[in-house]
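Taken together, the values in this text are just the output of simple stated rules run on the coordinates, not laboratory data. What you are looking at is a predicted structure, and each value in this text was computed from that prediction instead of being measured. Ideal geometry is used to build each Cβ from the backbone, glycine not excepted, and the neighbour counts take in all protein chains shown.
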Amino acid sequence: MDTSAPSPFVNGETLKTFLGRRVRTVVQVQHNEGGVLLGLSTDGHQLTIRGASGAPEPPHYIEVIGIADSSLSIRAESCTDFGENFDGVAFNGLCKLVNDKYNYLFL
């Protein structure tokens, strides 16, 4: 595990607290055109992912690691296809835990 460049788990709500920093999230692909992807976060926010070339088509879920450009956009460094079956509720719960009560356990 590379700890030199940590990427906290975020959902749409917590993305705004990490502006300018590397983050990690999962979105469900809504629209993908020309390297710009619109995705639905696990807590229902519409996020814009720039630089998501090669990302799958809807309704796939993808993990995105990149820099939080704004409260609703990420400049992607990498995207991983998680397929069509992903438990967004569990991931959203993880995001809430790691950014609140148990944040001291994570990078």
Residue exposure sequence - Ile62, Ile74 - by fewest surrounding Cβ within 10 Å
Ile62, Ile74
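Taking the Cβ of each residue in Ile65, Ile49 as the centre, tally the other Cβ atoms inside 10 Å and list the residues starting with the fewest. Provide the component values of the computation, followed by the final result.
Numbers: Ile65 16, Ile49 24.
Neighbour counts put them in this order, fewest first: Ile65, Ile49.
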What value, in deg cm²/dmol to 500, does the helix sum -39500 (n - 2.57) over DSSP H runs of n ≥ 4 give at 222 nm once divided by the residues of the chain?
-3000 deg cm²/dmol
What dipole magnitude, in Debye to the nearest 20, does the chain give about its Cα centre under +1 on Lys/Arg Cβ and -1 on Asp/Glu Cβ?
420 debye
In segment 65-107, taking the dipole from +1 charges on Lys and Arg beta carbons and -1 charges on Asp and Glu beta carbons about the Cα centre, the listed residue (Ala90, Ile67, Tyr102) farthest towards the positive end is Tyr102
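Can you tally the net charge around Ala90? Count Lys and Arg as +1, Asp and Glu as -1, for every other residue whose Cβ sits under 13 Å from the Cβ of Ala90.
Numbers: positive: Lys96; negative: Asp43, Asp87.
Taking every other residue near Ala90 into account, the sum is -1.
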Fewest first, what order do Thr42, Thr25, Thr3 take by the number of other Cβ atoms within 10 Å?
Thr3, Thr42, Thr25
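Using 0.36 nm times the number of residues separating Glu57 and Leu38, minus their current alpha carbon distance, what extension gain do you get?
Details: separation 19, 0.36 × 19 = 6.84 nm, distance 1.06 nm.
Working it through step by step, the gained length comes to 5.8 nm.
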Separation of the Glu77 and Lys101 label points, Cα + 7 Å toward Cβ, nm:
3.0 nm
Report ³J(HN,Hα) in whole Hz for each residue of segment 65-74, in order, from the Karplus equation J = 6.51 cos²θ - 1.76 cosθ + 1.60 where θ = phi - 60°; Gly and Pro get x.
10, x, 9, 6, 7, 8, 5, 9, 8, 10
Which whole-number percent is the relative contact order of the chain (Cα, under 8 Å, 6+ apart)?
27 percent
